[in-house]
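Everything on this sheet refers to the single structure shown next.
The values are calculated or read from the model by the stated rules, or taken from the named source; none is laboratory data. All values derive from a computational prediction rather than experimental measurement. Here the Cβ positions follow ideal geometry from the backbone for every residue, glycine too, while neighbour counts run over all protein chains shown. What goes into the accessible areas is simple: the full protein's heavy atoms, side chains included, and nothing from ligands, DNA or RNA. Shrake-Rupley method; radii C 1.70, N 1.55, O 1.52, S 1.80 Å.
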Amino acid sequence: MTTSLTKAQLRRHMQHTLSLLPPAQLLTESTAVIHLVTSLPAYQRAQHLSIYINTPTSELQTTQLIRHALKEGKRVYVPRCDGQIMQMVELKDGGLETMARNKWGILEPGKEERAVEPNVLDFVLVPG
């Protein structure tokens with residue numbers, strides 16, 4: 001079995017497991033993880049955070065964390081995918097409400113938003 005096959009199997013298993021969680025439990029679990037993340041010294045020191053935007057179901061709900069970071073005055077960057085290319089785009093306060101959903105149902109910044117160089121990021125939260 002190859003490593004990539006193992007990762008794919010693990011992803012499918014986790015997606016299936018998470019899809020079985022009732023929405024209220026997913027929100028409760030997400031809130032607990034967000035409290036843990038915001039208590040980390042690395043998060044507290046960070047000023048430029050990359051935070052993925054979750055799928056509508058089956059993933060840690062990150063919008064609470066994004067709003068918390070913005071409220072704390074941190075700069076938040078979210079991914080935008082264009083084919084095989086992923087770029088990070090700064091999210092302004094209120095930006096979640098203005099984004100459209102991509103083909104996977106994930107909120108994503110528009111093409112007109114300028115991407116930033118990844119070296120500005122000092123904290124990165126990725127799914128998985």
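The table below gives the values:
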| item | result |
| --- | --- |
| Cut-off of 10 Å, at most 11 other beta carbons, DSSP loop: longest stretch of the chain lacking such trypsin sites (Lys or Arg not before Pro) | 1-102 |
| Segment 1-97 - accessible surface per residue (Å², probe 1.4 Å) | 63 |
| Relative contact order for the chain, counting Cα pairs under 8 Å that sit 6 or more residues apart, in percent | 25 |
| Longest exposed-site-free window of the chain, the sites being GluC sites (Glu not before Pro) in a DSSP loop that have at most 14 other C-beta atoms within 10 Å | 1-71 |
| Global form of segment 6-128, assessed from the alpha-carbon gyration tensor, a/c cut-off 1.5 | oblate |
| Eligible lysines near LYS71 by straight Cα distance, threshold 20 Å, same-chain separation 8 or greater | LYS92 |
| Cα gyration tensor shape for segment 61-128, rounded if a/c is under 1.5, else prolate or oblate | rounded |
| Reach of LYS103 by Cα under 14 Å, taken over aspartates and glutamates that are not fewer than 8 positions away in the same chain | ASP82 |
| Extension gain from LEU36 to LYS71, taking 0.36 nm per residue of separation minus the Cα-Cα distance | 10.9 nm |
| Apportionment of accessible area to carbon and sulfur, segment 57-128, percent (1.4 Å) | 51 |
